[in-house]
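Read the structure below first, then the notes.
The values are calculated or read from the model by the stated rules, or taken from the named source; none is laboratory data. Quick caveat: nothing in here was measured; it's all calculated off a predicted structure. Ideal geometry is used to build each Cβ from the backbone, glycine not excepted, and the neighbour counts take in all protein chains shown. Accessible surface is based on the protein model in full, side chains and every heavy atom, while ligands, DNA and RNA are left aside. Shrake-Rupley method; radii C 1.70, N 1.55, O 1.52, S 1.80 Å.
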Amino acid sequence: MGALKVGIAGLGTVGSAVVNMLASAKEQLAERAGRSIELVAFASKDPPRDPSIDLSKLKQAADPLSLAKDPGIDVFVELMGGEGDPAKAAVEAALSAGRSVVTANKALIAKHGNALARLAEKHNAAFAFEAAVAGGIPVVKTLREGLGGAKISRVAGIMNGTCNFILTSMQKEGRSFQDALKEAQQRGYAEADPTFDIGGFDTAHKLAILTSLAFGTEIDVEAIHIEGIESISLADLIAADQLGYRVKLLGVAERTEAGIEQRVHPTMVPKGTVIAEIDGVLNAVSIKSDALELTLVGPGAGGPATSSAVVADLVDLASGRRSHALGRATANLAKPKRAAIQRHEGGYYIRLAAVDRPGTMAAIAKAMAAEKISLESIVQRHANSRPHGGDDPKLAASPAPVILITYATTEDAVRRAIAAIEKDGVLAELPQVIRIEKS
Ligand code: HSE
């Protein structure tokens, strides 16, 4: 069989690393696939992120769309990113021409994956995206093929390297949020627009894909409750540490009685659990099923890790291994039943900037009791190390942090209790609420 001819659109961090890997591992890949994988053409609006890559023998397409339509390629590799055009139009053009697509574009799949999977099916083309979730970790393949015999009840994990890098740098090195984000950008971890990372949207895109693969449902990104890490302060990381937790941005999808719950938010995870110990750019995805539980850990971003997943998809295609994009024929994907976040049950960390005066704790306790929220611990630190505000009205009004850890309760109850405390006028700042997961 002749070589698998590849065209690549986008030569950023990942695209450059793919060009390098296809060149440096040429023989090994040909042995594995039984035929060679030949990069023949590229399209890129910018110079390559890695200026040392050799593009001299490649055809340069005018734009991604003409590359996608080029009959000289068998596979269109899309590494531009972005849920809209030019990525969307180019991927659609390739699939419509019966040309297989390999992409790392989680935003595109989260928004248009159902339609793209149908298009691929209709034209008998492969649509592969191992690199779209958790960088180099082969979690797509694990869910789609490796756990094909198991009934999955929960998928949860750290799916954004940038956020984990920021939270770890703040907690371990006392660095500022902005400083850590800058380094994540320099290392090529962050999205072109880093608000996708820190706002939780990138994690949500990845979670939407994993939920579909895990539960056999259509992708339903709109159902995801999303909170980012912007509100996490050093005070929260220090308090978490003292209480025996780490703060991680998690994506969680669970089968509950109410339906499928999908959420992305900062989470307190007990120290000593696998997830709590995953630091820096590492990602981890835990999968719970009737048959087994497992956690996959590895680098979630960066050129070498992500290009390894792109190239693995190319090896599958060159070998003739094909899967349904979302793990089963699109006609067999169920419409997901959504479970609202208000029905979420679990423990909560609540940090209140409470006015330091008599009656404050009573007001907080009363609101908690009214919602039948049971408290596992209460920590109050007096502002300015004073025992209390004394008679000085100015000092008496200054806020003192009160930290509550609740036993399992519901999201609704916590929201109502906090609203009642706010109404009592005993808070000087907006409360911080972080959900707790046991693993
Ligand atoms: N910006 C993403 C991250 C890249 O930080 O995880 C990998 O998808």
(request) State all residues of the range 179-199 that are more than 10 Å from the ligand (Cβ to nearest atom), more than 17 Å from the chain's Cα centre (by Cα) and not small (Gly, Ala, Ser); if no residue qualifies, say none. (result) Asp179, Lys182, Glu183, Gln186
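Out of Ala325, Ala400, Ala417, I need the residue that is crowded, with 20+ Cβ neighbours inside 10 Å and at pLDDT below 95. Which one? Break it down into steps so the answer makes sense when it comes.
Details: Ala325 fails: at pLDDT below 95; Ala417 fails: at pLDDT below 95.
Testing whether each residue is crowded, with 20+ Cβ neighbours inside 10 Å and at pLDDT below 95 leaves just Ala400.
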(request) Could you please give the count of residues in the range 143-167 that are closer than 25 Å to Ile238 by Cα and either within 10 Å of the ligand (Cβ to nearest atom) or of a type in the set (Ser, Thr, Tyr) (or both)? (result) 9
(message) Checking Ala208 against (1) under 29 Å from Ser289 (Cβ atoms); (2) without any contact (Cβ under 8 Å) to a residue 24 or more places away in the chain, only one condition comes out false. Which one?
(response) (2)
(request) Could you list all residues from the range 168-178 that are in contact with a helix residue (DSSP H, G or I) (Cβ under 7 Å, 6 or more places away or on another chain) and either without any contact (Cβ under 8 Å) to a residue 24 or more places away in the chain or within 16 Å of the ligand (Cβ to nearest atom) (or both)? (result) Ser169, Met170, Arg175, Phe177
(message) Here is a list: Ala301, Ala309, Ala284. Which entry is buried (at least 22 other Cβ atoms within 10 Å of the Cβ), closer than 30 Å to Phe177 by Cβ, under 18 Å from the mean Cα position of the chain (by Cα) and at pLDDT below 95?
(response) Ala301
(message) Quick check on the range 70-92. Is at least one of its residues surrounded by fewer than 17 Cβ atoms within 10 Å (Cβ to Cβ), closer than 16 Å to His123 by Cβ and modelled with pLDDT of 95 or more?
(response) yes
(request) Could you pull out the residue among Ala239, Ala204 that is buried (at least 18 other Cβ atoms within 10 Å of the Cβ) and modelled with pLDDT under 95? (result) Ala239
(message) For the range 340-360, which positions are farther than 19 Å from Thr267 by Cα and surrounded by 14 or more Cβ atoms within 10 Å (Cβ to Cβ)?
(response) Ala353, Ala354, Val355, Asp356, Arg357, Thr360
(request) Residues being in a strand (DSSP E or B) and in contact with a Lys or Arg (Cβ under 7 Å, 6 or more places away or on another chain): count how many of those fall in the range 219-243. (result) 1
(message) Can you tell me which condition Ser319 does not meet? The list is (1) away from the ligand (no atom under 16 Å from the Cβ); (2) in the same structural domain as Glu183 (by TED's automatic domain parsing); (3) modelled with pLDDT of 95 or more; (4) small (Gly, Ala, Ser), and all the others hold.
(response) (2)
(message) Cβ contacts < 7 Å: first residue part of a loop (DSSP other than H, G, I, E, B) and hydrophobic (A, V, I, L, M, F, W, C), restricted to the range 300-317; second residue within 12 Å of the ligand (Cβ to nearest atom) and open to solvent by 10 Å² or more (accessible area, probe 1.4 Å), any location; separation 6+ or different chain. Result?
(response) Ala301/Tyr189; Ala301/Val281
